[in-house]
């Protein structure tokens, strides 16, 4: 499946190739993070100076590399939000993707306007609150 990831603030394409490019901040550190474009794949490539200072359980702020706006969800502040489109389906409407901002917490949710799909080992902890349609802002 070929997915395109977009900033929900400026609509910039965030995965010009196979990785999603984001700015990550924690404490006084900032770096570029390359995330997998496959939903549920939690492999991350980042600046060694940044990743070295981030420990499991730390909360990361993600920002758009184009407009520099925060990607933190207003409805769920422990999550970041992106819009995605399935390029393999002509006329596919954008979906809302939320992923945990907590380092090494694997919880991702995809809302397509009708249903919520959960990914990651820790997704079950948040599934009930993510299934509430009103929280998605659509």
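Across segment 102-120, the number of residues qualifying as modelled with pLDDT of 90 or more and on the phi > 0 side of the Ramachandran plot comes to 2. Looking only at residues in segment 41-54 that are at pLDDT 90 or above and part of a loop (DSSP other than H, G, I, E, B), the one that is surrounded by the most Cβ atoms within 10 Å (Cβ to Cβ) is 42.
Counting the residues of segment 2-17 that are under 18 Å from residue 89 (Cα atoms), at pLDDT below 95 and not in a strand (DSSP E or B) gives 1. Residues satisfying the criterion are absent from segment 31-39 (criterion: in contact with a strand residue (DSSP E or B) (Cβ under 8 Å, 6 or more places away or on another chain), outside any helix (DSSP H, G or I), more than 19 Å from residue 120 (Cβ to Cβ) and at pLDDT below 90). Taking the numbered list (1) over 21 Å from residue 44 (Cβ atoms); (2) in contact with a strand residue (DSSP E or B) (Cβ under 7 Å, 6 or more places away or on another chain); (3) at pLDDT 90 or above in turn, residue 67 passes all entries but (2). Residue check: residue 118 meets all listed conditions (1) free of Cβ contacts under 8 Å to residues at least 24 places away in the same chain; (2) in contact with a helix residue (DSSP H, G or I) (Cβ under 7 Å, 6 or more places away or on another chain); (3) surrounded by fewer than 16 Cβ atoms within 10 Å (Cβ to Cβ) but one, namely (3).
The values are calculated or read from the model by the stated rules, or taken from the named source; none is laboratory data. Since this is a predicted model, take the numbers as computed values, not measurements. A quick note on method: Cβ atoms are made from the backbone with ideal geometry, for glycine too, and the neighbour counts reach across all protein chains shown.
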